[in-house]
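The structure under discussion appears below in the form of structure tokens.
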Amino acid sequence: MITLLTLNLADNKYLQINSKNDGKKLYFHDEIIIKYLDNNREIILFKDSLREGLESLKNMLLLALNNELPVSEKNFLTGVGYEWTIYYHNLDVFSEEDPTELYSLWSVSPEIGSASWIYNRNSKIFFEISPQYLWDFIDSNVNEKQITFEEFMASYTFDAQFSIDRKVCMEMVQTLKEMLKMIEL
């Protein structure tokens, strides 16, 4: 894998966009992997087409820059991912719409990564990464030691939650726009 782009989110926190493509010519359907990196971790956040990954990030950042993603105090304190995990686990019971859909950036199979979210709180832009309850997605016969949903939620904590400076967001949007112009069909 070749690193096509590294975006600075905050102090020692980055998004790294990787591809098997050498980067000389970028194509709409090139598969990319987007990772979150900090001092201690590397978390896969996205694994799909180049255009989808970059467009979704750009669009979410633009919404956040316009303060269009306000989150409730409850969701901020527990994390949007916490609310989503409860919603998803009870999906067959709920008839209401997903209360976290507005904030969803990317979600990748919990076997390889986590879910990510962007939202506003007090006019600040926040980025969140949350774990997912693995056994809502896979057969319980997998060689993982299964824990109950209640055990998972009792020890739930988001993987990351931090604010992104508005100037950094604007710079990322500009970089993403420039990169998107280079993509060929």
Are there any pairs with C-beta distances below 8 angstrom linking a residue in the stretch 110-121 that is acidic (Asp, Glu) to a residue that is open to solvent by 10 Å² or more (accessible area, probe 1.4 Å), with the two at least 6 apart or on different chains, and if so which? Glu111/Leu134; Glu111/Phe137; Glu111/Ile138
Out of the residues in the stretch 105-140 that are open to solvent by 20 Å² or more (accessible area, probe 1.4 Å) and modelled with pLDDT of 90 or more, which is farthest from Leu54 (Cα to Cα)? Asn122
Output the residues belonging to the stretch 145-179 that are part of a helix (DSSP H, G or I), closer than 12 Å to Tyr82 by Cα and open to solvent by 50 Å² or more (accessible area, probe 1.4 Å). Ala154
Return the pair list, or none, for Cβ contacts closer than 7 Å from residues in the stretch 42-61 that are of a type outside the set (S, T, N, Q) to residues that are part of a helix (DSSP H, G or I) and crowded, with 23+ Cβ neighbours inside 10 Å, at least 6 apart or on different chains. Phe46/Gly53
Every residue from the stretch 64-98 that is outside any helix (DSSP H, G or I), at pLDDT below 85 and touching a helix residue (DSSP H, G or I) at 6+ places or on another chain (Cβ under 6 Å): Asp98
Residues (among the hydrophobic types (A, V, I, L, M, F, W, C) and either over 19 Å from Ser130 (Cβ atoms) or in a loop (DSSP other than H, G, I, E, B) (or both)) located in the stretch 10-49: Ile17, Leu26, Phe28, Ile32
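The values are calculated or read from the model by the stated rules, or taken from the named source; none is laboratory data. Note that this is a predicted model, so its numbers are computed, not measured. Cβ coordinates were reconstructed from backbone atoms using ideal geometry, including for glycine residues, and neighbour counts include every protein chain displayed. With ligands, DNA and RNA removed, areas are computed over all heavy atoms of the protein, side chains included. Shrake-Rupley method; radii C 1.70, N 1.55, O 1.52, S 1.80 Å.
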